[in-house]
Structure formats: structure tokens, C-alpha cells
Amino acid sequence: MAFRRSPSSTWTESRGKGFNPVATALSESSSIHSDVLYHLTRDVSRVGLEPLSYSIPEAEPDKEDDWNEEAQSLLKVVSPSLRAQDNNEGLHFSDGRRKVDYVLVFHQRRHTSVRSPASTSVSHDRLSIVSNGNFPPSRGSDGKEGGGGGSGQVPGGEAVSIGEVFMELDSGGGNEAAEPADHEMHLIRQEFEANLLEAGLEIERDGEVKVHGLSFTRLHAPWPVLCREAEFLKIKVPTKTRYEIKEESAFSSSMSSVWRKLKQPFQPKVHPQDHGPSKFLTHCFSRDKLHLYNITSKDTFFDNATRGRIVYEILRRTVCARTCQTIGITTLIAKGVYDAAFPLHDGDYNATGHPEERNDRQVLHEEWARYSAFYKYQPIDLVRKYFGEKIGLYFAWLGVYTQLLVPASIVGIIVFGYGVATVDTNIPSLEMCDERLNFTMCPLCDGACDFWQLSTACGTARASHLFDNPATVFFAIFMSLWAVLFLEHWKRRQISLSFSWDLTGIEDDEEHPRPKYETILLQKRQRKQKNKKKKKKKKNLPVKQKDGTVTEKDRWRRKLLFAMAAGTPVAIEKLTWKDRLHGYCINVSSILFMFGLTFSAVFGVIIYRITVSALMAMSPDPETKSNVRVTVTATAVIINLVVILILDEIYGAVAVWLTELEIPKTETKFEERLILKAFLLKFMNAYAPIFYVAFFKGRFAGRPGSYVYVFNDYRMEECAPGGCLIELCIQLSIIMLGKQLIQNNIFEIGIPKLKKLVRTLKDKGSAEKEEEEERPPQQWNLDYALAPFEGLTPEYMEMIIQFGFVSLFVASFPLAPLFALLNNVIEIRLDAKKFVTELRRPVAARAKDIGIWYNILSGMGKFSVIINAFVISFTSDFIPRLVYQYMYSQSGTMHGFIDHTLSYFNVSNFKPGTAPQNSDHGDVTVCRYKDYREPPWSPDAYHFSKHYWCVLAARLAFVILFQNLVMFLSLVVAWVIPDIPKTIVEQLKREKKLLVDLFLREEKDKFQLIQSLFGKDTPVAPGGHVLPPGQGFPLPGRYSTLPQYPTRAPTGDGGGGGPRARCRAASFSLYTRKVPPSPRNENSRHTAV
């Protein structure tokens, strides 16, 4: 690094008549402190604002030692020999003391272009900071060679104005020139890292000469920076004050102790996270109250996750104003300036040594991220400490959801068991299987299909009873209340975690605009400026008279308009709905197109069902004919599953693209809009086939002699004689299990492994060439090889879709909660293993709740009540059975129910060409079909009978009754269970009272200390009388905030005889001697935004 300053500078020596460049080559790893840039910017601020000429000073070989000697006073350079041997597995700087809080990674690309000799003559990139804030032009434009070293000259031959400042950062040397794009990126990185230095961070770089490959920049936040940012971010920290948590009553305490003993074998073996009978009082960090906090060590007071978050906040708001006019590390990564930026993991995840010496990552890997720990509770507090509140809340929510699936699974198994136990006594099933009843059914297709006996569908009828029985109604009501109970329980759990994690009362962090938003806003601003310039040019043209002269009035009018424009405040630029109108139109049209695509896929499967059913019905094999429905349903569902998996991946990418077109301003708005679009598309994709089977199949098929046709050739399919519920059960079970098994587990395990393998094979060639020269990989190398963290949206999305399978159509598949439970037990450990071992450490993001996901869950819970009501009423035969038993049955039993639901059709009424051509059932005059219609001998033949209208009225009445009953019970459950536990309310009040008492006590002690200090001097009254001790400064009252100082006596001859006592400024930290007063330096200032 080289600094050059004019002779007027106070910290650079001048030699001879010219300027003396100071150059320091970067060692293998150099630690750069902020003092250099602080003094540099202070000197720059004293330089004039006139535009300066630029020059490229050349190094003088014979004075290299002098340059290094002078640079040592500006930089702390760590030589390679001083590198710590162990260095705590690469978690510290070269000195082995300062932690690596964050890592920036950029890629030195291989240069293949041929450059001219003039452009390759300069081997070092230099960042020049001059008084007017500009950068020198490209080196290719410097055509001057050589030059003297006289006054005002630098090597290169160009004159330099007084007051010019250069800060030249070498890129490591080498004879290979940088590409133009790489040179621009290099300048941006130099400015960004210079601003990081100004913000107080300490930087360590790789100093090896690399023509190409990865380069790592390590960042460390010293204690003053941590304190400053912790106060800015309002991070809550523990104080020295502990208080006892209020004990429960004797009975509750004994029950709690018994419950804790029962849970002991299922608890993970982690370090206690302060959940004993006492708790530290916490308060937002303040540098004025350091003496109140429980600071045992400055290195460990802020844990690694908090340190990484603090550094990320600095990176997020640091500006690159001169080179690219952007703000934040996110924008720079999007522009390709840096490849990645991430905090480091706490070393290797494989546990070695004594269990007490394990780091947090190793503890999480041993006690949480193993499949063998599936029966244990999650160490949620340690997860939150390591990954932050946002990820901690996700795993806490997933744990609560999985725990509450246990009672739902037990009830589902009982309902299924009831169906198994009563299948042999179910009268409708027995009647369908009874061959003596001899129900001859109408053909399933036109022409080729023959009449068939109802007894051949015996297996379908018996299987349908397993899921379509009276217990199903109870289970549907139970699951609707279960959904409400789950949401209420989660709200209480969320409040408890917020209190335990000190999240109560926190404010949402201020967010900076996204890179895409900034780019489009900049383009809009540039277009406006361009249009303004054009308008100004037209306005500035003076109005000429006919003789070609310009009047004085026009000149004064122009000057007045310029003056008025100069005083007009500049409006804040932002994107309006007009700028987003194009994206909105594309969004609406694309979503409608995706809906059409989903419906087309469902319709294609319907055509497949119809054609395959007709082909199988024409088969001479009786076994094939008897299994037509089950075979067609199973194969169609598998096709649906494949289509759903393919469209899911497409819709996920489309949702991201559509959200980008809307140009959301912040990441939060982007995430919310992305979630809504992805959920809408994936919900429609996953549930469209199920909705078709549940509510549309068989409803519009028509009747024999008057069927509804598709494309004039294909007859709409009908439900089985036992109802469509068994087909809905098969559809739901295969899609749910297949989606969980393939997409959630195989994709999550296989695709990351495949990406890692490809990345390893890609880097294998270059790694083998440099294998001998490279040292063992450091932690930042290992972490960079991991996959980047891409957010929690995919994790939440798969669980929300599963919640829909569990709640929406649970009346048709009571075993859905059981399969969801088994999947989630594996899912928790799979996600844990992925976060601990396969992903880079994410920034510890703060969050008070799970955000928009709760609203989606609440909406699905209410929607499930309506869906289950319609499934029971219209898809199952529960209502027709009740109507028959209590209105039409002669004996009050279910005997004769099958005959009651079958209508008659005269085969002579078939349309030409639709009757069976070769029938094996002899002379059939009347066939049966499932519907409530008048017989052919009735005056209103084939019209809906009164039985149909009675059943329809009963179905609608049940829907209304079911919805109102369940909604009322849900409101009762939500009212009975308070959102905030009573113990949390009491502890919050107690903490507030203790904080007030603590600060009042501190204030009182401070004023007493000030009084005792001033009491040593004799106070003087305003009239010049000496006051007795203790009366000059009365004790402050309980509600006093400032001491009452004596009024200053008026000056003059009659004012008093003695000299007035001089009051000195008092600082509590000065008198306690615990915290020395820190001088105002660069660490007390924020990065300019």
C-alpha cells in the first residue's frame, strides 16, 4: 500500500522538491486498522475542492526500505512467521487473538485477452482518493512516458496540484494486466473495504500473489465497534442483576417436577441455557451503562452469532458512492464484485476431545442433527443461539406441529380401526357383495362394454367402508378443532420464546432497498435528468424578436426562473405503480396461464382415465374387468404425482421471476410477495386433482341414454357404486406420500449431494496443480465449499402443503396425520443435518414471529372446515344413509339401502350404437345405475325424484350445521386459551419494575456520589454567605432527575466578597474508575448512508 500527500500535509515527509511515495507490500496476511483511513480522511477534508490532475507514481527501488519503514507507522503488518500455529482451526486472525467475524470472497479470474504494451506497463492497481471525490481515468489513456522528478512532478511526468492525495492499494503484483471489468471490480472493492475501515472494522487479506482463484478478506469487529452497533441495534444483554422466578403452587410444582422427570430421558445433553429458578435481568445495550452488564470477558460477551450480525449490519449499510453508487454487500454480490459473504461456523462439526470442550456446532451435530436422536426434544435455545431467532422459530414451530400430530395420529388410527372392525357388519357392503340380489348394472362405456353385476365391485365397497363410516364425521370435527388448538398453542409457545429470548418490545430493523430496486431507480433518475437537460436546453434558448435581437426582459425572466429552481427542494425519488404496471400485467397474465396449465394437466389425466377404462372394460379377462376402477385410479394418480413434481419446480422458478418483475423495495416485501405467489401456484398444483375427484367427478356424467361426452367421443367418467370417497382416498394418499418421499426427502438429500459432487469435480483439476503449494484449508475455505443458505421459504412451503393434506381432506383419509408425523420426525433431523453440515452459516436474523406463514395457516384452518363439510355431505354416502334410515327404511335399519340408491333404465331407450353389441347376460330389458331418478314407467321418466331433493336438502343443511358448530367451538377454544400465558405476563411486569428500581437506585447513588464530591468544597450562597455542609446541595427526591445546583451570584462590586466555588463536570464512569473514558475516535461514528 502506498500513500502520497502534498508537502502541506503534517504526517508525510517531503524529500527534495518532489513527492515521496510511501509503499508497503502486503505480506501473506496483513492486518489493516482503521487509524490509517481515519487520519487520511481527516486530511482529505482539509484539502481544497478544486478539480485535480491525476498521475500514476512509480515506485523507486532504491528507497523501498524507507517506504516500508514509514508505512509501519501507518499499518500493523503481520509477517508470515508470526502466524499462529494452531490458530483455533482458522477462526482467528494471524495473531491468534482477534476473531474472524465475517468473510468476503471474490474470484480472481484468469485473464486471456491480449493487451497492448502501454496497458501492461502498470502492474499495480491503485485507488486514488482526491479532494473532489473523483477517480483517475483509465491507465490506457496515459500516453506520457518517463518524466523528471522536479518540483510538482511525479514519476510519469505529470504535474500535480498542491493538496492532492493518493491512496494506492497494490493488488499483489504480477506481470499480467487486469481485464477492464476486473479493474473496475478491483476499484469498487478497494473503496468498499476502505469504507469498512472507516467504520471501525479490522481487515485481514490473503497476501499471496494469485493470478486466478479465490481470495478471502477476513473482517473483525473490535470491542468499541461492537458496543456502538449493539447500542444502535438495541441488542438486549444480561445485566448483573438476577431475580428468582416465581414458584408455582405446591400442587403445580409437584406435577411439574414429575413431568420433568418423565421427560428427562428425552432431553438433549446440551449446556444449560439459563433456565433454572433464576434469570438475569436484560436491558438494551448502552455504552453509558457498561458497569451494569455482566461482562466477564469482552471476547465472549457478544457470542459469535451476534458478532456476525453486527458486522453484517455494517456491511449492509456501507456505501460505495464514488465507483458504483451502490449501498450494501448484497448489491455488490449481485453485481459480481464479491462472490459470497458469510460468517464462519464454529469449527468442525465432528466432535473430538472431552464432551465439555465441544463447541456449539459439535453439540448440535451430536444431539440434534443425527437420525438416532429422533426421540429427543430439540435444543431450541442452542439452535437460536447459533443460527438466530428466525431459524430458531422455524424449528420451534416445526417441533410444536410435530408434537400435536401425535394425538391427531392416535385418533386417526382409532377411526381407521373402527372401520376395520365394522367392515364385516356393514349392511350396505354386505348387500353389494351378495350375488343373490343380482343387480345388473348398465354398461360402463358405449358399444363395446357389456352389462355387469354389482357384486363384482365388492372389494371396492368393503375398502370404502374403512374410510367412509360414522366415525369419519367425528374425526372431521376433531381435526377442525385440532387446527385451531394448534394455532392457539403455537401463539402461546411463540410468546414464551419471545420472552425467553428477550424479543419482547423489539422494533423491526430498518431495511435497505434491494439491488434490483436501486438499479431501476437509478435508471429512472438518469432518464429524468436526461429529459430535464433537454427541456432546459429548449427553455434556455432566448426568444428572439423578428429582427433577431433578444430583449432584456427575456434575460431577466430566465435568471428569475433559474433562481426559483435553485431554491426548490428536490423530491425524493421512488418507484410508483406506473413503473410497476408492466410487471403487474405480466404477473396477472402469467398466473392465469399457470392456472390454465394446471387445469390442462388435470384434464389430460381425465382423458387418460376415460380411454383406459374403456379399453380395460373391453378385455375378455374377467379379473381385468373387475379391477378397472382401482387400476385406472392408481395409474392416473401416479401420472398426477409426476406432473405435480415437475410443475412444482417450474412454478417455484416462475414465482421468483414474477416477484422480481414487481420490483419490491425491501427483502421483507420481496419475501412476502414470493410466498403468496408460490403458495397460490403450488396449492393449485397439488390440490387440483384432489378437488376434481372430491367435488366434480361423476357430478356431470349424465345418465344412460343421455350421457355427457367430451370431444363427442369420450363419455365423462362416473363414481364407483360405493362412492368417490375411496378414489379420493387413493388419490390423496399416493400424492401425499409420494410428494413427501420424493420431493421433500430424496430431492433435499440427493440434489445437494449432486451439486456438491459437481462442484468438487469442477475444482479438482485446479486443486491438484496447487496441492503441493497450498497450506491446509482454513475454516473459511471449508465454509465456502458449503452450499449457500437460500432462506426458509422452501422449508415452510413443504410443511404448509402437508398441513393442507392433513386438514383439508382428512375426512377421506384418517391416516394422513400418522404419515405426516412419520415424515416430520425424519424431516426435523434432515433439516438439522443440512443446516449444521451442508450449509454456510446464515446471518443470525432477528424475528418476533413466523410472519405471513401464520396467516396462511389460519386461513387454511378455516378453509378446512368448509372443505370437510362438503366432503362429508357430497362425496361420502353419510347423508344418504341417514336420510334413508330415518325417512324411508321400513325397519329403521340400513337393509335395502343399495336398492334404494339405484335407479332403473329401459335398455330399449339406448341411443343407436351405444347399446352392448354382444351381451353375455342374455336378454336384459332393464339395467340399474346409481342415481335418484324416476323409473321408465313413471310419467316423469328419468327426471330427478323427490328422494333426490330430500337428500340434497339434507346435504346443504349438514354443511351449514357443521360449519357453524365447528366455527363456534373454534371460537370457544380460542377464547378459553389465552394468547399470553399468565406466568409470562407476571414476569414481564416484574422485570419492568426491577428495571425501574435498578435505574432509580443507580441515579440516586450517582447523585450522592456527586454531592459527596462537591461537599468537600465550601459552597457559597448567592449572597456571598457560607452555607453549612449539606445545605448547598439538597438530596434529590425520589422523582428527581437532576441535582439542584446553587444559583450563580451576579457579578459586580456589590456581589459578595468570596470567590465562587467552581463546579466541575461530573461523569459517573470517571468516579467509579471501572470504565476509563474513551476518546472520541473513528469507532464512535456510523458509516454514512
Problem set entry | Most to least packed among 905-911, 616-622 [average Cβ atoms within 10 Å] | 905-911, 616-622
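From the cross-link list 516/574; 234/279; 682/756; 376/834, which pairs have alpha carbons spaced over 23 Å apart? Walk me through the intermediate numbers first.
Working: 516/574 13 Å; 234/279 20 Å; 682/756 27 Å; 376/834 18 Å.
Check vs 23 Å cut-off fails for 682/756.
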For this session: Let me know the shape class of the stretch 333-442, please: from the alpha-carbon gyration tensor, a ≥ b ≥ c as square roots of the eigenvalues, rounded when a/c is under 1.5, otherwise prolate if a/b is greater than b/c, or oblate.
Result: prolate
For this session: Give me the accessible area per residue for the stretch 261-367, probe 1.4 Å, as a whole number in Å².
Result: 46
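Order 368, 577, most accessible first, counting only protein heavy atoms with a 1.4 angstrom probe. Mind dumping the intermediate values first?
Numbers: 368 0, 577 160 Å².
Ranked from most to least accessible, the order is 577, 368.
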Exercise. Given a Förster radius of 22 Å and the C-beta distance between residue 943 and residue 619 as r, what FRET efficiency does 1/(1 + (r/R0)^6) yield to the nearest 0.05?
Worked result: 0.05
Exercise. Which residues' amide hydrogens lie under 5 Å from the amide hydrogen of residue 294, considering only partners 5 or more residues apart or on another chain, with H built in the peptide plane?
Worked result: 239, 240
For this session: Could you check how much of the accessible area of the stretch 596-687 is carbon and sulfur, as a whole percent, using a 1.4 Å probe?
Result: 72
For this session: Jot down the radius of gyration and Dmax of the stretch 631-704, Cα atoms only, both in angstrom.
Result: 17.0, 60
For this session: Report in % the part of the accessible area of the stretch 829-937 that belongs to carbon and sulfur, leaving out ligands and nucleic acids; probe 1.4 Å.
Result: 52
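Mind running the shape call on the stretch 808-871? Use the C-alpha gyration tensor, a ≥ b ≥ c as the square roots of the eigenvalues: rounded below 1.5 for a/c, prolate if a/b tops b/c, oblate otherwise. Please report the intermediate quantities before stating the final value.
Working: a/c = 5.12, a/b = 1.63, b/c = 3.14.
Because a/c hits 1.5 or more and a/b fails to exceed b/c, the stretch 808-871 counts as oblate.
Expressed in whole Å with the largest first, what are the equivalent ellipsoid semi-axes of the stretch 781-845 derived from the C-alpha gyration tensor as the square root of 5 times each eigenvalue? If you can, show how the numbers build up before the last one.
Working: eigenvalues 200, 30, 10 Å².
Three semi-axes, in Å: 32, 12, 7.
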Exercise. Based on the mean of other beta carbon atoms within 10 Å per residue, what is the order of 281-289, 746-754, 458-466, most packed first?
Worked result: 458-466, 281-289, 746-754
Problem set entry | Calculated from backbone phi, Karplus (6.51, -1.76, 1.60) coupling profile of the stretch 295-312 in Hz, x at Gly/Pro | 9, 8, 8, 5, 6, 10, 4, 9, 6, 5, 5, 5, 4, x, 5, 5, 5, 5
Seminar exercise, completed: Bounding extents of the stretch 284-377 in its principal axis frame from Cα atoms, largest first in Å, are 54, 41, 25
Exercise. How do 986, 827, 660 rank by accessible surface area computed with a 1.4 Å probe, from largest to smallest?
Worked result: 986, 660, 827
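Hey, can you rank 369-379, 794-804 by average C-beta count inside 10 Å, highest first? Kindly include the intermediate steps, with their values, before the conclusion.
Numbers: 369-379: 15.5, 794-804: 20.2.
Put in order of decreasing packing, that is 794-804, 369-379.
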For this session: Treating only the Cβ atoms of Lys and Arg (+1) and Asp and Glu (-1) as charged, compute the dipole magnitude of the stretch 649-762 about its Cα centre; round to the nearest 20 debye.
Result: 380
Exercise. Using modelled amide H (1.01 Å from N, peptide plane; none on Pro or chain starts), what sits under 5 Å from the amide H of residue 702, excluding residues fewer than 5 places away?
Worked result: 708
Seminar exercise, completed: extent check for the stretch 885-937: Cα max minus min per principal axis, descending, whole Å, gives 43, 22, 16
Seminar exercise, completed: Rounded to whole Å², per residue accessible area for the stretch 636-723 with a 1.4 Å probe reads 41
Seminar exercise, completed: Net charge (Lys, Arg +1; Asp, Glu -1) of residues whose beta-carbon lies under 12 Å from that of residue 325, residue 325 excluded, is +1
Problem set entry | Phi-based couplings in Hz for the stretch 183-195 (Karplus 6.51, -1.76, 1.60; Gly and Pro marked x) | 5, 5, 4, 5, 5, 5, 4, 4, 5, 4, 5, 5, 5
Problem set entry | Distance (nanometres) between label positions extended 7 Å along Cα→Cβ at residue 287 and residue 753 | 5.2
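Using the heavy atoms of the protein chains alone and a 1.4 angstrom probe, what is the accessible area of the stretch 441-533 per residue in square angstrom? The partial results should precede the final answer.
Values: 4000 Å² over 93 residues.
For the stretch 441-533, the solvent-accessible area averages 43 Å² per residue.
The values are calculated or read from the model by the stated rules, or taken from the named source; none is laboratory data. From a predicted model like this one, the values you see are computed outputs, not experimental measurements. Cβ coordinates were reconstructed from backbone atoms using ideal geometry, including for glycine residues, and neighbour counts include every protein chain displayed. Heavy atoms of the whole protein, side chains included, go into the accessibility calculation; ligands, DNA and RNA do not. Shrake-Rupley method; radii C 1.70, N 1.55, O 1.52, S 1.80 Å.
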